[in-house]
Structures are given as structure tokens and as C-alpha cells.
1. Just to verify a result, which residue in region B:7-59, among those that are touching a residue at least 12 places away in the same chain (Cβ under 8 Å) and among the small types (Gly, Ala, Ser), is farthest from the other protein chains (Cβ to nearest Cβ)?
2. For region A:25-50, which positions are without any contact (Cβ under 8 Å) to a residue 40 or more places away in the chain and loosely packed, with under 14 Cβ neighbours inside 10 Å?
3. Only one of A:Ser54, A:Ser73 is out of contact with any Leu (no Cβ under 9 Å at 6 or more places or on another chain) and buried (at least 16 other Cβ atoms within 10 Å of the Cβ); which?
Amino acid sequence: AQSVTQLDSQVPVFEEAPVELRCNYSSSVSVYLFWYVQYPNQGLQLLLKYLSGSTLVKGINGFEAEFNKSQTSFHLRKPSVHISDTAEYFCAVSDRDSSYKLIFGSGTRLLVRP
Amino acid sequence: AAGVIQSPRHLIKEKRETATLKCYPIPRHDTVYWYQQGPGQDPQFLISFYEKMQSDKGSIPDRFSAQQFSDYHSELNMSSLELGDSALYFCASSFDTHTEAFFGQGTRLTVV
């Protein structure tokens, strides 16, 4: 069964510094990959997705992610974070074997400090 | 643009009561997913429907049931509520099963 690993439960970073949130998934069979952001007491907002094509995916709010099939990774990056980026970030994967339902990682809390 | 609508946004119930959560998908979306997110947890898949038929089932308790109606809206019925059912319940919809799913704002259920 498909699984997603987000190794970092919390990532503290100073404002305007770069950040990388790591995500690894269990299978390299054709998958769709997603990053969602959740602000406190809010719903899930899609940041970006990889369905096919270019392995470098650009999303909203200046985030981007790179699909690496050989390493089964889909790390999220931002070159310069803002205080407003403080939130919970979830990596998710779906594939045909899981009937395309989303399987979420445990989440990474990004804490941006001034 | 129309989004996924969930109602109610907040719900407080006592133990052993029943709750019904509603989800109205984006127009022309035929697939609905339900997820449960406990405090400090990642969202867990409960159940999904495609064209009004159940398409997949996850870790949904037997006390819960769901269906998708002819207008594609879906309802999650929860009976004999327990304290552990307190969570944020998300609905998501998509056009067909292997396209991007859009999430609603969620229903926060508190069981007291």
C-alpha cells in the first residue's frame, strides 16, 4: 500500500531564509503528488501538484517542488519565506492502486520566526 | 468560482447522539471523498463515491455510513457518537477519480 513520509514534524526558520520540506513516498509506480497547506482552523489548500510532465512544479505563494522518481521524493521548497507562511504542510500521493484517494503524510509544521 | 460546500461548519453533539454532515461538490464533479482529521493528525480517508456508487472505503467505523445522492451531494451519517469522533471532517470533490480533488472548509465536530 502506498505511504507518505514527512520526516520533519516541525521546521523552524527565520523570515526571508530558504526552506525545504521533505516528502518521500513508497512506490515509484505512476503516482500523482500534491502539497497542501493548512492554516490554523482552516481547510486544506492546494499549493501545487505533479501529475505528469516537467519534474519541477511551481505552485502558489512562491513554492515549488521537484519530483524525483529515482529517490521517490517530492520535496517542497521556497527561496524566501514570510511570517505568513507559518502553517502545517501536508504531502499527499494518489495512484490507481489506491483508487486515486489521497494518502497524506503526517504533516510538517513550518514555523517562521522574525 | 464555486467551491466545495460543507455544512454545518461547526457541530457540537453529546455522546451516543447522531450527527449528519453534508457535502455539496463543485458543479459537474462526480466524485466525492470524505476524510477525518483528528487533533494534530493528518487527514485519514474514510470513504469515497463515484457516480453515486461507493468506490472505496477506508478506516470508517461501522457506526458511520455515507451516501451520494442523485444531485451528487453527499451525506456522512454518524451514530452512537463517541468522544474520539471529535475531529475535523473534510469533504473533497473531483471530476472523475484521477483528477485533482478540491477540499471544502471542513466540519468541526465536537462530541461532549
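Laboratory data are not the source of any read-out in this text; all were calculated from the coordinates shown. Computed from a predicted structure; not experimentally measured. Positions of Cβ are generated from backbone atoms using ideal geometry, with glycine treated the same way; all protein chains shown enter the neighbour counts.
1. B:Ala19
2. A:Asn41, A:Gln42, listed by residue number.
3. Working: A:Ser54 fails: buried (at least 16 other Cβ atoms within 10 Å of the Cβ).
Just a single option satisfies the conditions, and that option is A:Ser73.
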